[in-house]
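First the structure, in the form of structure tokens, and then the observations on it.
Just so you know, all these numbers are worked out from the coordinates, no wet-lab data involved. In this text the structure is predicted, and so the values were computed from the model without any measurement. Note: ideal-geometry Cβ built from the backbone for every residue, glycine included; neighbour counts use all protein chains shown.
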Amino acid sequence: MNLAKIARRRYTVGNTPLEFLPNLTKHLGGPRIHIKRDDLLGLSSGGNKTRKLEFLMADALAKGADTIITTGAVQSNHCRLTLSAAVKEGLKCRLLIEERVEGSYSETASGNNLLFRLLGAESITPVPGGTDLMAVMQQMAQEVVAEGGTPYVVPGGGSNALGALGYVACAEEILSQSFEAGLDIDHVVCASGSGGTHAGLVAGFHGNQSGIPITGISVRADKGPQEAKILDLARHTSQLAGAELEIPADRVVVRDDFVGPGYSLPTREMTDAIQLFARTEGILLDPVYTGKTAAGLVGLIQEGAFAKDSDVLFVHTGGSPALYAYPNETLG
Ligand SMILES: *Cc1c(COP(=O)(O)O)cnc(C)c1O
């Protein structure tokens, strides 16, 4: 795999830290827990979408786009970061907001919604949950064309094969950092949503023949469909990166038992995990993704999924701006 063959913009200076979490490790009684601080990526309060956007925006610029169109939920980190990248590149950005939980959209909400407005989205269009988002974005693109502009549609979560290359790059960064640190990672735990993060890590770790297993914690979908989606995306990503190895289906493992009642809806375990990370390590998670993923990590440890003397890496994918939109869920 040689990612240098593919055009990329850079939105982060250097690598994100890979740190040991001694207090959390002690609190949980092993395994040793490490964290990849992808909450410290660049752009406006960076997170995992920053890595995907490095490849997606390079493609948009190569195609002469002047208006980016994308979609996400009412507190979408992806929409915030896509807008932020567009601002940085001098492009306009239109957002299609899917109200996945009925009645959850409010024009004056805090958190990411506040930032959509602050960063100057050209338009913010809410639609009901279940809308055919790709079809609506194609219509929005036609409107841009009719106005004389050149649109570029970024799929939800930036999760096509091009975007997922950002997490192939992250897997390579982790391998290089862990080698430098003399750290032999036994297992990786990450969020599994639109899938680019999980699929990119699977493609990157497998393409480098690292043998490191990954567990994706679903934040929305059931295990069966999510695993099928991740495998398909990981294979396409791997092909795009020029890997010659086919990814076996058993490399993709999803747990769906930490979703609770649904996407963005709180669980006791999520609130506990957010408080645990904040109060042992001073690290801010978010209620929609990393809080549930951390609840998954704690759940797996309690099940005895990892040997006490092993090293587990938690990938922090960002999202803390959403804390300010969900104060009750966060403080429990
Ligand atoms: C989008 C998002 C995820 C999920 O990543 P996918 O690549 O969409 O699966 C996880 N954490 C945060 C904070 C996110 O914004």
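Here are the numbers:
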{"read-out": "Charge dipole (the chain, unit charges on Cβ, about Cα centre) - positive-most of SER104, ILE217, GLN75", "value": "GLN75"}
{"read-out": "10 Å beta-carbon shell around ALA203, net charge (K/R +1, D/E -1)", "value": "+2"}
{"read-out": "Most positive-pole-ward Cα, LEU115, HIS34, ILE274, against dipole of the chain from beta carbon charges", "value": "LEU115"}
{"read-out": "The chain: most fluctuating residue of ALA294, ALA62, ALA273 per GNM, C-alpha cutoff 10 Å", "value": "ALA62"}
{"read-out": "Potential extension, GLN239-GLU122 segment - 0.36 nm per residue separation minus Cα distance", "value": "38.6 nm"}
{"read-out": "Net charge dipole size for the chain [Lys, Arg +1 and Asp, Glu -1 on Cβ; Debye, nearest 20]", "value": "500"}
{"read-out": "Residue exposure sequence - HIS187, HIS27 - by fewest surrounding Cβ within 10 Å", "value": "HIS27, HIS187"}
{"read-out": "Chain lengthening between ASP257 and ASP272 when straightened (0.36 nm per residue, less Cα-Cα)", "value": "3.8 nm"}
{"read-out": "Net charge over other residues, Cβ less than 13 angstrom from the Cβ of ARG255 (K, R count +1; D, E count -1)", "value": "-3"}
{"read-out": "Relative contact order, percent, segment 26-179 [alpha-carbon distance under 8 Å, six or more residues apart]", "value": "30"}
{"read-out": "Under 15 Å from LYS92, Cα to Cα: aspartates and glutamates that are on another chain or at least 8 residues apart", "value": "ASP66, GLU122, GLU143, GLU147"}
{"read-out": "The chain - percent relative contact order, Cα under 8 Å, separation 6 or more", "value": "22"}
{"read-out": "Residue-count net charge about ILE69 - beta-carbon cut-off 11 Å; Lys, Arg +1, Asp, Glu -1", "value": "0"}
{"read-out": "Only Lys, Arg (+1) and Asp, Glu (-1) charged, at Cβ; segment 49-158 dipole about Cα centre in debye", "value": "400"}
